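All remarks here apply to the structure that follows.
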Amino acid sequence: MTIIEFPKDMKWGAATASYQIEGAVNEGGRGVSIWDTFSKTPGNVVNGDNGDVACDSYHRYKEDVQIMKELGIKVYRFSVAWPRIFPNGTGEVNKEGLEYYHNLIDELLANDIEPMCTLYHWDLPQILQDKGGWGNRETIDAFVAYAEVMFKEFSGKIKQWITLNEPWCISFLSNYIGVHAPGNKDLQLATQISHHLLVAHGKTVQKFRDLNVDGEIGIAPNTTWLEPYSNRQQDIDACNREIAWYLEWFMDPVFKGSYPQFMLDWFANKGVHLEIEDGDMEVIHQPIDFIGINYYTGHVARYKENESLLDWELVELNYERTDIGWPIFPEGFYKVLCRIKDNYGDVPIYITENGSCYNNEVENGRVKDVGRISYLEQHLTALHRAISSGVNIKGYLTWSLMDNFEWAEGYTMRFGIVHVNYRTLERTKKDSYYWFKQTIANNWFENK
Ligand code: BGC
């Protein structure tokens, strides 16, 4: 048995996102987002599910804040639905939208919970998508205008801001692989979008500094780890490419002002031509206050020509997997964090998402999600190893506070430490909730 004890100032938290929990899509003057359109197009989401009701957190936020308070978290990461603020993407601000977030934030603050706000967790106003979405540079300006309204309105209340959640998902998963909204399958477009997203991020950070907002701003990429099957150079290179596609492709421009050359070459070989306007790289290369890291899974892989975009294949090694089928690979969490330190130095890091899918149901009022507790133990131990290696970890926010609309998987995949009954909307705290609560209260746990 080993005691895993965290630094005294460790910030514990939980995360959610607007479309996944709010519901009330036709209330409060909200406009239509690409996820409304995408989920209502047959074939895109399992069971034809959509976020119309979700967890109904729009109406039940007070109950949800009480659940957070009892859990003992210091910080709650939520996202703002852009079409609640600008139903038409740009132009007139919807006061009711602002009011909803004021109410939520006031409730959090009254309960001593700090709000961490993600500006973009995927609800692009549909009207902007109709004009080309993130493929059109005008969306960059629309985003900065939306961010400006948010900064002015909530400065003083929100001290931590995240520009974009998971730029890899916004660009490649949604516009090349095509399983998320808007569902394009075009590598050229997706790669160009990744660049526009970074410009939008950089301009937003500039705006934040110009306005002298009291607080911190960062970005939250999703990360993964592929461990080479052998020390053959081809295996090492293939794994390195995949890791870099998520991490360095987005973070080198932010921290170093340039894309990794080997990835530019790789994309060029695939016929992708990246259009970079004069001044773009300087705009992207703005100092940020922290980086948010999302990590869920990894595995062992080896080179295989034409197998995947980046020429690798997963080596099947009888991994223990969560209910969504993702291998449990805590070693990768540790290695990703060490790689960030090697690349970018002592940048403060928040784990803005880490968690697992287990679909345990309520039995006699209880949810015995032992798999999730084990996942948390393994990943918090990996995190502790990273802290012991000098990685500058400031906080850990688990995904998710509650079960919610899991994008293309609809309501079939549950990531919450609180169970939600989608018929009655009743919340039930799972065993993992109580485990996490105890860990937060102690600031340590026993890894048996
Ligand atoms: C996203 C969440 C999602 C989670 C589990 C992350 O990619 O930010 O919105 O629910 O992973 O798939």
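Observations on the model:
- Residue that is within 16 Å of the ligand (Cβ to nearest atom) and over 17 Å from Gly13 (Cα atoms), where the choices are Gly345, Gly298, Gly355: Gly298
- Consider the range 10-32 and keep the residues that are over 22 Å from Ser400 (Cα atoms) and in contact (Cβ under 8 Å) with a residue 40 or more places away in the chain. The one that is surrounded by the most Cβ atoms within 10 Å (Cβ to Cβ) is Arg30.
- Applying the condition of being open to solvent by 40 Å² or more (accessible area, probe 1.4 Å) and in a loop (DSSP other than H, G, I, E, B) to the range 309-342 and asking which residue is nearest to the ligand (Cβ to nearest atom) yields Trp326.
- Qualifying residue in the range 237-246 (condition: in a loop (DSSP other than H, G, I, E, B) and in contact (Cβ under 8 Å) with a residue 12 or more places away in the chain): no
- Taken over the range 390-427, the criterion of being more than 16 Å from the ligand (Cβ to nearest atom) and under 30 Å from Cys169 (Cα atoms) is satisfied by Gly390, Val391, Asn392, Ile393, Lys394, Gly395, Asn421, Arg423, Leu425, Arg427.
- Filtering the range 259-285 to residues that are open to solvent by 10 Å² or more (accessible area, probe 1.4 Å) and within 22 Å of the chain's Cα centre (by Cα) leaves Tyr259, His285.
- Any chance Tyr303 is more than 27 Å from Ile140 (Cα to Cα), in contact (Cβ under 8 Å) with a residue 24 or more places away in the chain and open to solvent by 40 Å² or more (accessible area, probe 1.4 Å): yes
- Set Tyr350, Tyr296: member being out of contact with any strand residue (DSSP E or B) (no Cβ under 7 Å at 6 or more places or on another chain), buried (at least 23 other Cβ atoms within 10 Å of the Cβ) and under 24 Å from Asn240 (Cα atoms): Tyr296
- Of the residues in the range 231-242, none is over 26 Å from Phe329 (Cα atoms) and either open to solvent by 60 Å² or more (accessible area, probe 1.4 Å) or of a type outside the set (Gly, Ala, Ser) (or both).
- Note on the range 286-314: residues that are more than 24 Å from the chain's Cα centre (by Cα) and under 29 Å from Gly257 (Cβ atoms) total 2.
- Restricting attention to the range 117-146, the residues that are away from the ligand (no atom under 16 Å from the Cβ), open to solvent by less than 30 Å² (accessible area, probe 1.4 Å) and polar (S, T, N, Q) add up to 1.
- Boolean, Glu426 is more than 24 Å from the chain's Cα centre (by Cα) and at pLDDT 95 or above: yes
- Checking Thr2 against (1) polar (S, T, N, Q); (2) closer than 30 Å to Gly390 by Cα; (3) open to solvent by less than 10 Å² (accessible area, probe 1.4 Å), the condition it does not meet: (3)
- Residue selected from the range 359-389 under the condition within 21 Å of the chain's Cα centre (by Cα) and within 16 Å of the ligand (Cβ to nearest atom), by the criterion nearest to Gly178 (Cα to Cα): Asn359
- Residues that are within 16 Å of the ligand (Cβ to nearest atom) and over 13 Å from the mean Cα position of the chain (by Cα) within the range 20-33 comprise Ile21, Glu22, Gly23, Ser33, listed in sequence order.
Here is a yes/no grid of residues against (1) open to solvent by 50 Å² or more (accessible area, probe 1.4 Å); (2) among the aliphatic types (A, V, I, L, M); (3) modelled with pLDDT of 95 or more; (4) within 11 Å of the ligand (Cβ to nearest atom):
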residue: Trp161; (1), (2), (3), (4): no, no, yes, no
residue: Cys169; (1), (2), (3), (4): no, no, yes, yes
residue: Gly178; (1), (2), (3), (4): no, no, yes, no
residue: Pro182; (1), (2), (3), (4): no, no, yes, no
residue: Leu187; (1), (2), (3), (4): no, yes, yes, no
residue: Ala190; (1), (2), (3), (4): no, yes, yes, no
residue: His195; (1), (2), (3), (4): no, no, yes, no
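- Enumeration of residues in the range 392-448 that are open to solvent by less than 10 Å² (accessible area, probe 1.4 Å) and hydroxyl-bearing (Ser, Thr, Tyr): Tyr396, Thr398, Ser400, Ser432, Tyr433, Thr439
- Subset of the range 360-370 that is touching a Phe, Trp or Tyr at 6+ places or on another chain (Cβ under 9 Å) and within 15 Å of Asp403 (Cα to Cα) - its residue that is surrounded by the most Cβ atoms within 10 Å (Cβ to Cβ): Asp369
The values are calculated or read from the model by the stated rules, or taken from the named source; none is laboratory data. Quick caveat, the model's predicted, so the values are computed rather than measured. Please note: Cβ atoms are built from the backbone with ideal geometry, for glycine as well, and neighbour counts cover all protein chains shown. Surface accessibility is based on the protein's heavy atoms, side chains included, excluding ligands, DNA and RNA. Shrake-Rupley method; radii C 1.70, N 1.55, O 1.52, S 1.80 Å.
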